[in-house]
Amino acid sequence: MKNKFFFRELTFLLLAVFLVVSCTDEIDRPVFPVSATIFHSVKDKQVAFTALTHSAVSWQWDFGDGKTSTEQNPVYVYPEGGYYVATLTAKDANGNIATDEVNLAIALTPYALLTGDHTREGYNGKKWKLSSSHISGGDYLANADAGLTVVDGTPKPLPDGIFSTEFGMGDVYKDEFTFYYNGDYKHDVKEDGGSFGGLVYEMVNTGGSGIVNANGKDYGLCIAKYTPQPEATFTFNESENFTVSSVYAPPTYSVTFNNVMTLDFSGTEFIGFRDFQRKVILNKITDSRMQIIMFMAAGTNPAQIIGVNTHALILSFDAVN
């Protein structure tokens, strides 16, 4: 009997201790404020979002393209590639909120690669300049024929830095060309106030008075004074059949490049090389480099050839950090 009484009393004692400890835990358990962090994974245009939250009872997602969701962990497919800012707003039972956001680069289009991430704070366009790394870019001087064949006697690819080392025209690597998401365009000719261009074009338009460097005259190249156009714009076409003049295609003296990307500019503006033909082919583009085909009319026969393309400069441009 004594043992039975002892064990019964011990059981009551342990139960009392357990209840006291449990109540103490409930009283002392900390209450964490609402918090929110976004985790995500991207595959093509599909993004799997995860809301890493504490004390949240509701979740509001804004995917940055006008679409929203109230799921905690939504999976969303963006209809178009581009730059987006996705925002999460989490709310607790008392109405307190916490937010987080993430910058996304989704299946970037050539236009997005050209103009940069317009969703970033302080966005001021994307700058490009002529690359001196011609070998890795596969740059060369071409004839303005349908096959863009390499000019006889010139290397393919061009040696790195050739316009500086061989022609003494290193300033052509300094000029900057800025493309903005809204279609604005800015051109910085730097200290020399000049731009890379065709010698015949300058002779026809200024009589040569604007030429500041004619070291490339044997190839029809020069640097000449140019004043960038204020409030300039550009036009990008992702696919078109582009016809240009060519001395290699009589009797029409024109060739057409099918399904190519093109860049055109307002007023007198251009990119990279100034000549009669200012509209260019955007041959290829990545986030850090693009290659452009720029045409040149170097003929000097007034009756037939002036202004008709004879060559093309196929050159790469690097994005400026």
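The values are calculated or read from the model by the stated rules, or taken from the named source; none is laboratory data. For clarity, every value in this text was computed on a predicted model and none was experimentally measured. Because the Cβ atoms are built from the backbone with ideal geometry, glycine has one as well, and the counts that use them run over all protein chains shown.
A few remarks follow.
- In the set (1) out of contact with any Ser or Thr (no Cβ under 7 Å at 6 or more places or on another chain); (2) of a type in the set (Val, Ile, Thr); (3) not assigned by TED's automatic domain parsing to the domain that holds Phe196, Ile97 fails one condition alone, (1).
- Identification of strands (runs of 3 or more DSSP E) wholly contained in region 44-87 with 2 or more residues that are within 17 Å of Thr109 (Cβ to Cβ) and touching a strand residue (DSSP E or B) at 6+ places or on another chain (Cβ under 8 Å) yields 46-54.
- Scanning region 306-315 for residues being in contact with a Gly (Cβ under 6 Å, 6 or more places away or on another chain) and buried (at least 23 other Cβ atoms within 10 Å of the Cβ) gives a total of 0.
- Among the residues of region 36-54, those identified as under 27 Å from the mean Cα position of the chain (by Cα) and either surrounded by 20 or more Cβ atoms within 10 Å (Cβ to Cβ) or within 29 Å of Ala93 (Cβ to Cβ) (or both) are Ile38, Phe39, His40, Val47, Ala48, Phe49.
- All positions within region 104-146 that are in a strand (DSSP E or B) and small (Gly, Ala, Ser): Ala105, Ala142
- Residue list for region 88-103, restricted to those being touching a residue at least 40 places away in the same chain (Cβ under 8 Å) and not in a loop (DSSP other than H, G, I, E, B): Leu88, Thr89, Ala90, Lys91, Ile97, Ala98, Thr99, Asp100, Glu101, Val102
- Condition check for Tyr140: within 24 Å of Thr235 (Cβ to Cβ) and in the same structural domain as Gly153 (by TED's automatic domain parsing): no
- Top-ranked residue of region 239-259 - restricted to ones that are β-branched (Val, Ile, Thr) and surrounded by fewer than 17 Cβ atoms within 10 Å (Cβ to Cβ), ranked as farthest from Pro110 (Cα to Cα): Thr252
- Within region 196-223, considering residues that are in a strand (DSSP E or B) and touching a residue at least 24 places away in the same chain (Cβ under 8 Å), the one farthest from Asp275 (Cα to Cα): Asn213
- Among residues of region 114-140 that are closer than 13 Å to Tyr83 by Cα, those with a beta-carbon under 8 Å from a residue that is among the acidic types (Asp, Glu) and crowded, with 17+ Cβ neighbours inside 10 Å at least six positions away or on a different chain give the pairs Tyr123/Asp117.
- Which listed residue is buried (at least 19 other Cβ atoms within 10 Å of the Cβ), more than 28 Å from Leu113 (Cβ to Cβ) and not polar (S, T, N, Q), from Gly153, Gly194: Gly194
- Looking across Leu199, Leu282, one residue alone is within 21 Å of Phe177 (Cα to Cα) and among the aliphatic types (A, V, I, L, M). It is Leu282.
- Evaluation of Asn124 against (1) of a type outside the set (Lys, Arg); (2) surrounded by 13 or more Cβ atoms within 10 Å (Cβ to Cβ); (3) at pLDDT 95 or above (one fails), failing number: (2)
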